[in-house]
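Single-structure report; data block below.
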Amino acid sequence: MPSIGRKLTYSYVLISLITVLIMESLFGMAIYQYYVSGMSQTLINHAEASATMYDKYAPSGTIDDKAAFIYENMKVDENALVEVYGQDRQFIVDNTGNRSSHITLGKDYDEALAGNTAIWRGKTTTDEPIMSVSVPLKDRDQVIGVLRYVSSMSPAHAVMRSNAVMALIIGLIILLVAALLGYMMSHRILVPIKDLIRVTREVAAGNLTVKARRYYHDEIGQLANVFNKMTDEIRRSNQAKTDFISSISHELRTPLTSIKGWAETIDDNIKDDETVRLGIGIIDRETNRLIHLVNDLLDFSKLQSHRIELNIDTLWLDDLLKGIYHQFAARASQEEVVIRLHLDSQEPMILADEDRLRQVLINIIDNSFKFVKGRANAEIIIQSHMLDDQVVITVEDNGPGMGSDELVRVKEKFYKGSTKQAGTGLGLSIANEIVELHKGTLYIDSIRGVGTKVSVVLPVADRQLEEQMLHLTEDTESAES
């Protein structure tokens, strides 16, 4: 199977060959037309000029009466053979004094007898190529004979053959140059491609540190850059998965060890109510932790396979935020964290899956609790406000914050950054996916040592629908009162 290099070289040569053949054909036709047209026009001019002179100055009468005058005034050094014919193909004389001719009469003779100037190309009895031009000889407007100029085409053919040979040599030189250029161009293209093949084989063998070299600033150079970025992403993804497996193994082992240990403790102290209560509480807490981990993995799997489904319905955002606030209030009191809720006065309505949106907000607030825990003056602020036809929900804390290097990757799957907190590293990634399914956007702003602010931007429901739902709510409240 021919390589790309050979195919490219063959293509260059084939294109050049077709071009050379077309150009040489056109050149040959032009040369032939130039010589043949020039030769025929010269014969026509001489023949017509001579015939006009003879018609005007030769004695009146038959062709035999004019023959002596014509012969005496013929140019002996004429480049063509000049012949005089009478009617019925009768040869009279030529400029060499012959009284007989070995030149074949062509159709030009018959045309000339009909009163027209005619050209004929053919061969002599000795196979010499000739061109003849015949013009009528007249006496008082009556055609009485034919004046014929005959010239050999051998010199013209010799010149055309010489030009053809020269054109063939030039064409061969062009083909050789095309083959050389084709080889050079294919080599220029193949070098980076071969390098990419080498790098691809190494990547397939598991070496993700290898880099493709960028030889030129063209499409292949761009391909090398994209390939390098791809290997970087694969390496980073593999590292993230390795870290995730290590992390999730630890996260699963810790609660399972705790559950197993306390189960054995309870079994040994089954009559000690205090120990049983303490063990059951710890087992319950660790079980919930396991359920949370498993739910994260299930959600991640559904999002990856695009199998997650949303139950979209109209939702009063204030009711959702109030419920979440009260859910965390007890925890905030227990962990000595100040939690505040500020709602927009417009009471926005959105179209959303309440359970999934609750999951997103709980995940974000839970992260804030993890990072502010144990800090002096720990505070978490939840608020919402309208922005044109969107609603912005923000969760802001005064935790340790993140640097720009962590911030750009914080929404990546499995990424946990420098934190030592427990978890899978999937929470924010899942939250981001769910927000995007709601046609919204999740933003994270953070300053190291100052805190973190997470914003969820969602489109509000249609204004007309919102007003209808508001009136319906008011009517229901009035009826109940």
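Considering only protein heavy atoms, what per residue accessible area in square angstrom results for region 141-299 with a 1.4 angstrom probe?
On a per-residue basis, region 141-299 sits at 64 Å².
When the dipole is taken about the Cα centre of region 55-201, and only Lys, Arg (+1) and Asp, Glu (-1) are charged at their Cβ, what size is it in debye, to the nearest 20?
The calculation lands at about 1380 debye.
Give the residue list of GluC sites (Glu not before Pro) in region 1-92 that are DSSP loop and have at most 13 other beta-carbon atoms within 10 angstrom.
none
Report the paramagnetic label zone for Ala30: residues of region 151-180 whose backbone N is under 20 Å from a point 7 Å from Cα along the Cα-to-Cβ axis.
Within reach of a label on Ala30: 156-175.
Taking the DSSP beta bridges in the chain as the whole, what percent of them are antiparallel, to the nearest 5?
90
Of Lys411/Lys453; Lys241/Lys411; Lys229/Lys439; Lys373/Lys411; Lys7/Lys194, which ones are farther than 18 Å apart at the Cα?
Lys229/Lys439; Lys373/Lys411, as the Cα separations exceed 18 Å there.
As I understand it, the value is the acute angle between the Cα axis of helix 317-334 and the longest principal axis of the Cα atoms of the chain; what does it come to in degrees, rounded to 10?
Roughly 50 degrees, rounded to the nearest 10.
In region 206-230, which residues have a backbone nitrogen under 14 Å from the label point lying 7 Å from Arg198's Cα in the Cα-to-Cβ direction?
Of the residues in region 206-230, 210-215 have backbone N under 14 Å from the label point off Arg198.
When the helices in the chain are scored as -39500 (n - 2.57) per DSSP H run of 4 or longer and the sum is shared across all residues, what 222 nm value do you end up with, to the nearest 500 deg cm²/dmol?
-20500 deg cm²/dmol
Of the listed peptides 206-215, 363-372, what is their order by residue-averaged count of other C-beta atoms within 10 Å, with the highest listed first?
Sorting 206-215, 363-372 by mean packing, highest first, produces 363-372, 206-215.
For Ile144, list long-range residues whose amide hydrogen, built 1.01 Å from N in the peptide plane, is under 5 Å from its own amide hydrogen.
Leu137, Lys138, Asp139
Which order do the peptides 36-45, 273-282 come out in when sorted by mean C-beta neighbours inside 10 angstrom, highest first?
36-45, 273-282
Which of [x] 109, 32, 17; [y] 38, 30, 23; [z] 34, 26, 25 is the computed semi-axes √(5λ) of the Cα gyration tensor in Å for the structure on display?
[x]
Charges on Cβ only, +1 for Lys and Arg, -1 for Asp and Glu, centred on the Cα centroid of region 150-298; of Thr209, Ile280, Met153, which one is farthest towards the dipole's positive end?
Of Thr209, Ile280, Met153, it is Met153.
Note down the magnitude of the dipole of the chain about its Cα centre, charges +1 on Lys and Arg C-beta and -1 on Asp and Glu C-beta and zero elsewhere, to the nearest 20 debye.
The dipole of the chain has a size of about 2840 debye.
Dipole magnitude of region 11-123 about its Cα centre, charges +1 at Lys/Arg Cβ and -1 at Asp/Glu Cβ only, in debye to the nearest 20?
So the magnitude is around 260 debye.
Given Cα pairs under 8 Å that are at least 6 residues apart, what percent is the relative contact order of region 168-222?
Working: 20 pairs, mean separation 15.1, N = 55.
Dividing the mean separation by the residue count of region 168-222 yields 27 percent.
Could you please state how large a percent of the accessible area of the chain is carbon and sulfur, counting protein chains only and using a 1.4 Å probe?
After summing per-atom areas, the C and S share lands at 55 percent.
Quick one: compute the contact order of the chain, relative version, from alpha carbon pairs under 8 angstrom and 6+ residues apart, as a percent.
Once normalised by length, the contact order is 10 percent.
Which one of Thr96, Leu168, Val408 has its Cα pushed farthest toward the positive end of the charge dipole of the chain, where Lys and Arg give +1 and Asp and Glu give -1 at the Cβ?
Thr96
The values are calculated or read from the model by the stated rules, or taken from the named source; none is laboratory data. Keep in mind that this is a model prediction, so the values were computed, not measured. Positions of Cβ are backbone-derived with ideal geometry, glycine not excepted, and every protein chain shown enters the neighbour counts. Heavy atoms of the whole protein, side chains included, go into the accessibility calculation; ligands, DNA and RNA do not. Shrake-Rupley method; radii C 1.70, N 1.55, O 1.52, S 1.80 Å.
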